[in-house]
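Report on one structure; see the data block that follows.
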Amino acid sequence: MNLQELRWFVALTESENITAVAAEMHVTQPTLSRAIARLETGFGVRLFDRRHNRLHLNRYGEILRAHALRALSEVDSAHNRISTLADPNEGTVSLCFLHSLGEWLVPELISRFRAEHPKVRFELRGAAADSVVDDIRLGRSDLGFVAPEPSVDDLVWTPVATEAVRLLVPVRHRLARRKTVSFAEVAEDDFVALTPEYGLRQLTDRLARAAGFAPRIAFSVTEVGTMRAMIAAGVGVGVVPAPPAVAAPPDGTALVELRDRDAWRTIGMIRADRPLTSSVAAGFHRFVLETLVENTTEPAGPPRRE
């Protein structure tokens, strides 16, 4: 039995007309008849009943047909997946990233990449830093973007960008009209912050430690957008990524520059510590390295580098 003969068999089960199927499959009738005979010999039963020079699928043939359809479907799926993996200009890249990076870094990279590779598709998922790491480890995503660098030794980390952070305060806050402040000046304020698994929360905690205090987290949230809305409502202050130059802070808030030397974060690309199996994902990976890494000068910490 081979795949071609299995396809001939399925086609014959649909029309039960050997002349028509032979013409459709571009084979001779004797060739098709011998192929069906080999299948029947292999299974040790008749797959068709012959009545008045016509074929009629019997119960054995029905069983083989059901399994043959599934087998051919799996083979076709494998073919499609392999073709996608082998073609660097067409296929799907799965990306996982911090929610806040979905506001600028990820859209910019994808837009620039698809200008050269318009057939490439992307599966996108925003998540906490821990979830991004888990997605890469479990193979749910090809590549991830996180900050800060995760404390792991089984992933490859490459710094790709640096991003300043700012203090966001309610518009009526005592510091709202200041251009710059030190983080120590909000030691007595209530904070709106992301939950501990988020990199931005970890950065907030580090800034507070360096300034000599423990932040009083009044509200823990899971999205930067919720943080901004809560701060606009006047319930606390928070540390947020600096927006693009053209973007204004949300209504009801003021964005203040931090003088602290560590008021920035390094954003890195992570992947599993093994070769990427998808050529289209490997192509996007190379694009990011060529586009961003050479322009990233700030240092980042230990694990593996490229």
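Can you give me the number of residues within segment 137-147 that are touching a residue at least 12 places away in the same chain (Cβ under 8 Å) and either open to solvent by 30 Å² or more (accessible area, probe 1.4 Å) or more than 19 Å from Arg265 (Cβ to Cβ) (or both)? Walk me through how you get there before you give the answer.
First, the residues of segment 137-147 that are touching a residue at least 12 places away in the same chain (Cβ under 8 Å): 137, 139-147.
When the remaining residues are screened for being either open to solvent by 30 Å² or more (accessible area, probe 1.4 Å) or more than 19 Å from Arg265 (Cβ to Cβ) (or both), the result is 137, 139-142.
Looking only at that region, the number is 5.
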ask   = Among the residues of segment 251-263, is any in a strand (DSSP E or B), open to solvent by 20 Å² or more (accessible area, probe 1.4 Å) and more than 20 Å from Trp157 (Cβ to Cβ)?
value = yes
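Residues that are surrounded by 13 or more Cβ atoms within 10 Å (Cβ to Cβ), at pLDDT 90 or above and touching an Asp or Glu at 6+ places or on another chain (Cβ under 8 Å): which strands (runs of 3 or more DSSP E) entirely in segment 6-109 hold 3 or more of them? Give the derivation first.
Values: elements: 48-51, 54-57, 91-98.
So the answer is 91-98.
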inquiry  = Please go through segment 198-230 and give me each residue that is without any contact (Cβ under 8 Å) to a residue 40 or more places away in the chain, open to solvent by 50 Å² or more (accessible area, probe 1.4 Å) and farther than 17 Å from Val169 by Cα, ordered by number.
reply    = Arg209, Gly212, Ala214
remark   = Taking segment 159-172 and keeping residues part of a strand (DSSP E or B) and aliphatic (A, V, I, L, M) leaves Val160, Ala161, Ala164, Val165, Leu167, Leu168, Val169
ask   = Which condition number does Arg286 fail, the rest of (1) outside any helix (DSSP H, G or I); (2) out of contact with any Pro (no Cβ under 8 Å at 6 or more places or on another chain); (3) of a type in the set (Lys, Arg) being met?
value = (1)
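Confirm whether Ser151 is touching a residue at least 40 places away in the same chain (Cβ under 8 Å) and under 30 Å from Ala233 (Cβ atoms). Lay out the reasoning, then the answer.
On the way: touching a residue at least 40 places away in the same chain (Cβ under 8 Å): yes; under 30 Å from Ala233 (Cβ atoms): no.
Judged against the criteria, Ser151 is not a match.
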message = Would you confirm, using the coordinates I've provided, whether Val156 is closer than 24 Å to Glu223 by Cα, in a strand (DSSP E or B) and of a type in the set (A, V, I, L, M, F, W, C)?
response = no
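The values are calculated or read from the model by the stated rules, or taken from the named source; none is laboratory data. All figures in this text were calculated on a predicted structure; none of them were measured in a lab. So basically every Cβ, Gly included, is an ideal-geometry build from the backbone, and we count neighbours across all protein chains shown. Accessible surface is based on the protein model in full, side chains and every heavy atom, while ligands, DNA and RNA are left aside. Shrake-Rupley method; radii C 1.70, N 1.55, O 1.52, S 1.80 Å.
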